[in-house]
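Take a look at the structure set out below.
The values are calculated or read from the model by the stated rules, or taken from the named source; none is laboratory data. Small disclaimer: the values here were computed from a predicted structure and weren't measured. Don't worry about glycine lacking a Cβ; one is built from the backbone with ideal geometry, like all the others, and counts go over all protein chains shown. The accessibility values were calculated without ligands, DNA or RNA, using every heavy atom of the protein model including side chains. Shrake-Rupley method; radii C 1.70, N 1.55, O 1.52, S 1.80 Å.
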Amino acid sequence: MKRDLILKYAKTSGKGIEVAPYFNPILTKREGHDLLIMDVFDTETLRDRVRDDPLIDSARAAEIEEVDLVGDASRLGEVIAKAGLQGSIDYIVSSHNFEHLPNPILFLRGAGEALAPGGVLSMAVPDCRASFDHFRMPTRLSDWLAAYHEDRRQPSPETVMDSAANQSAYIRDGKATPGCNLAYDDPAGFEPDRNLAQAYADYVASREAPGDYRDTHCNVFFPESLELMLRDLRYLGLIELDVIEVSQTRGLEFFVHLRKPETLQDIPDETFYAQRKALLTAMSRGLGTAGFGLGPVAGLRRAITGRLNNWRIRLKHRRKARKTH
């Protein structure tokens, strides 16, 4: 299902790039796709990381596709230029990578340089309201502009602290999980971490002596907040990608589809500002727990959907058990 949703507009018979799929690619070369894999690490480094991670089955190292383009995803344009691939890519796929980028505008500009006219960038992105970013404030356009004009290459100390100080876990049946299902879970299940003092100490240390790259969620979105920024960037001429669709959240993620137009068209002010007002209004209504259904009808829906979800999980485990015997 996720594969169908993320590839909804992609011309997969053409030439594609998948950004940082690790051991869980959306598409594979083994299936015959004309596909380039991009990652900040080469193939063997990625496989070693899987083997060294006690939380990942080491057998999954074999599922890592050969990396063709090594480089920082924020600097996709530079990597593509070096490989001589400008304007030759039909689709780019990125699943749960965009939120990690310290310089999203640069990535989006690079995607525009890589794509052929009519080419599509498709992304799966976590909804902050349903993930461990639940208590963080959504990223603003000014945050992206600062990162772009400062040519930021890693998360700022402030971004790292914000993530650490406001991280949470969703408590389900007494156990901590990284997120919840927006459709039926109760947002009261989120429990914030108790690490403010340590987050601040780490922040002070990093200001005094910047260290190695620290991976974190640099960007925090829900559908309307991200669509607003993408449309603002297009209007300002900072990216040359049109919004095809930003889906509503399914579970804890949503899907973003952007297209490089055959011919770039100016957006009339009347059209742009009408869309912008609608998105700003939807964004203000969608902040925090407002995205969750909390009325009696929503409660009934949560109960029914939760039971169906539990039934699907049990059925999946039974099928898996049968295969192993």
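General observations
- Checking each residue in the stretch 34-90 for being open to solvent by 50 Å² or more (accessible area, probe 1.4 Å), touching a helix residue (DSSP H, G or I) at 6+ places or on another chain (Cβ under 6 Å) and farther than 14 Å from LEU115 by Cα picks out ARG51, SER58, ARG60, GLU66.
- In the stretch 188-232, of all residues being closer than 30 Å to MET283 by Cα and β-branched (Val, Ile, Thr), the one that is least open to solvent (accessible area, probe 1.4 Å) corresponds to VAL220.
- Scanning the stretch 159-179 for residues that are open to solvent by less than 40 Å² (accessible area, probe 1.4 Å) and under 17 Å from GLU99 (Cβ atoms) returns THR159, VAL160, SER163, ALA164, SER168, GLY179.
- Looking at the stretch 1-115, the helices (runs of 4 or more DSSP H) lying wholly inside it that each contain 1 or more residues that are in contact with a Phe, Trp or Tyr (Cβ under 9 Å, 6 or more places away or on another chain) and at pLDDT below 95 sit at 2-6, 43-52.
- Boolean, ASP185 is part of a loop (DSSP other than H, G, I, E, B), touching a residue at least 12 places away in the same chain (Cβ under 8 Å), over 19 Å from the mean Cα position of the chain (by Cα) and surrounded by 18 or more Cβ atoms within 10 Å (Cβ to Cβ): yes
- Within the span defined as the stretch 118-134, every residue fails to be over 17 Å from the mean Cα position of the chain (by Cα) and assigned to a loop (DSSP other than H, G, I, E, B).
Rundown of residues vs (1) open to solvent by 50 Å² or more (accessible area, probe 1.4 Å); (2) assigned to a loop (DSSP other than H, G, I, E, B), yes/no style:
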site: GLN248; (1), (2): yes, yes
site: PHE272; (1), (2): no, no
site: ALA282; (1), (2): no, no
site: ALA290; (1), (2): yes, no
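- Filtered by the rule that a residue be under 11 Å from GLU240 (Cβ atoms) and either among the small types (Gly, Ala, Ser) or at pLDDT 95 or above (or both), the stretch 252-271 gives LEU258, ARG259, LYS260, PRO261.
- Residue match in the stretch 138-155 (condition: farther than 19 Å from LEU228 by Cβ and open to solvent by less than 40 Å² (accessible area, probe 1.4 Å)): yes
- If the condition is being outside any strand (DSSP E or B), touching a residue at least 24 places away in the same chain (Cβ under 8 Å) and not hydrophobic (A, V, I, L, M, F, W, C), then the stretch 159-177 contributes THR159, ASP162, SER163, ASN166, GLN167.
- Residues being modelled with pLDDT of 95 or more and loosely packed, with under 12 Cβ neighbours inside 10 Å are represented in the stretch 233-242 by at least one member.
- In the stretch 208-224, the residues that are charged (D, E, K, R) form Cβ pairs under 8 Å with partners that are modelled with pLDDT under 90, at six or more places apart or across chains, as follows: GLU224/MET283; GLU224/GLY286.
- Any hit, the stretch 275-282, residues being on the phi < 0 side of the Ramachandran plot, without any contact (Cβ under 8 Å) to a residue 24 or more places away in the chain and not charged (D, E, K, R): yes
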